[in-house]
1. Enumerate the pairs (first residue in segment 184-213 and over 13 Å from Val131 (Cβ atoms); second residue anywhere and of a type in the set (Gly, Ala, Ser) and surrounded by 12 or more Cβ atoms within 10 Å (Cβ to Cβ)) with beta-carbon separation below 6 Å, excluding pairs fewer than 6 apart on the same chain, so at least 6 apart or on different chains.
2. Please enumerate the residues belonging to segment 188-203 that are surrounded by fewer than 14 Cβ atoms within 10 Å (Cβ to Cβ) and not charged (D, E, K, R).
3. Scan (1) at pLDDT 90 or above; (2) exposed (fewer than 14 other Cβ atoms within 10 Å of the Cβ); (3) touching a Pro at 6+ places or on another chain (Cβ under 8 Å) for the single condition Ala60 breaks and write down its number.
4. Which of the residues spanning segment 65-124 are over 30 Å from Leu196 (Cα atoms) and loosely packed, with under 15 Cβ neighbours inside 10 Å?
Amino acid sequence: MNDDDRSAPAAAARRGRPPLPADNETRERILAAAQRLFGERSFTQVNVREITEAAGVGLAAVNYHFGSKDGLVQALFTRAAPALIAERAALLQAALAMDDSRERKLAAVVRALIGPVIRWSALPETQHYYVPFLARVRLDGPEPVRRMLEGEAAYLQPFVAALGALLPGLPLAEVQWRLHFILGIEHALHNEARRLQAVSGGACDLSDPEAVIDRVVEFVMPGLLAPSPAGQGAVIGS
């Protein structure tokens with residue numbers, strides 16, 4: 001460390017700003033502040049100075065850690081995705097390796113698909129900050145980040161293949177429809193939780209994610225196992 005590095009915290013303190021912490025901590029403070037601000041207002045309304053002031057770091061820290069404001073938004077978007085994708089993939093592999101009935105394997109595939117996101121959605125930080133942030137991304141986020149949202153279908157293809165193998169009587173398009181319906185339920189659970197609470201008067205309890213997963217699986221299984229609609233292909237298992 002040179003003399004300039006050692007004097008930086010003292011200089012920051014003289015300016016009334018907290019000392020610059022270690023790089024990882026600085027990065028996380030910026031991400032947390034940006035996520036909170038972007039959840040409250042659009043990306044165009046929030047400027048870099050507001051973010052750095054809320055994080056208690058210098059203005060140059062955003063460029064240093066993320067390259068730009070758009071880079072910061074992209075980092076926020078990808079903050080949770082890798083862990084969720086990895087968990088889904090591991091659970092899917094375990095489901096397909098089961099030595100069990102088709103119905104039980106199918107239920108395990110559904111759990112692998114929805115379970116990680118439902119558990120993550122139950123975290124207070126997710127509901128308070130990340131869900132509003134994702135809504136903002138879809139409305140007015142940077143174009144590269146919106147393209148990333150649209151491109152998330154790539155990691156769902158193994159689930160399409162798994163469902164197709166377990167439902168051999170269904171045309172591919174029908175498998176994709178049914179996967180889409182399941183994802184719609186998952187999406188509603190973490191994006192429309194307040195609506196569910198309002199409609200049910202609080203009777204629908206989302207506090208136990210495992211119970212919610214069980215409920216979703218119980219609901220979607222008859223739909224997955226239903227015959228193909230008329231004119232859309234063979235009956236399942238034919």
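The values are calculated or read from the model by the stated rules, or taken from the named source; none is laboratory data. Worth saying up front: this structure is predicted, and the values here are computed from it rather than measured. Quick reminder, even Gly has a Cβ in these numbers, built from the backbone with ideal geometry, and neighbours come from all protein chains shown.
1. Going by the 6 Å Cβ cut-off, the qualifying pairs are Pro209/Ala122; Ile213/Gly115.
2. Within segment 188-203, the subset surrounded by fewer than 14 Cβ atoms within 10 Å (Cβ to Cβ) is 188, 192, 194-195, 198-203.
Ala188, Ala198, Val199, Ser200, Gly201, Gly202, Ala203 - these are the residues of segment 188-203 that are surrounded by fewer than 14 Cβ atoms within 10 Å (Cβ to Cβ) and not charged (D, E, K, R).
3. (3)
4. Gly67, Ser68, Ala90, Gln93, Ala94, Ala97, Met98, Asp99, Asp100, Ser101, Arg102
Per-residue answers, yes or no, for (1) in contact with a helix residue (DSSP H, G or I) (Cβ under 6 Å, 6 or more places away or on another chain); (2) on the phi > 0 side of the Ramachandran plot; (3) assigned by TED's automatic domain parsing to the domain that holds Val117:
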residue: Trp177; (1), (2), (3): no, no, yes
residue: His187; (1), (2), (3): no, no, yes
residue: Arg194; (1), (2), (3): no, no, yes
residue: Gly201; (1), (2), (3): no, yes, yes
residue: Asp214; (1), (2), (3): no, no, yes
residue: Val217; (1), (2), (3): yes, no, yes
residue: Val220; (1), (2), (3): yes, no, yes
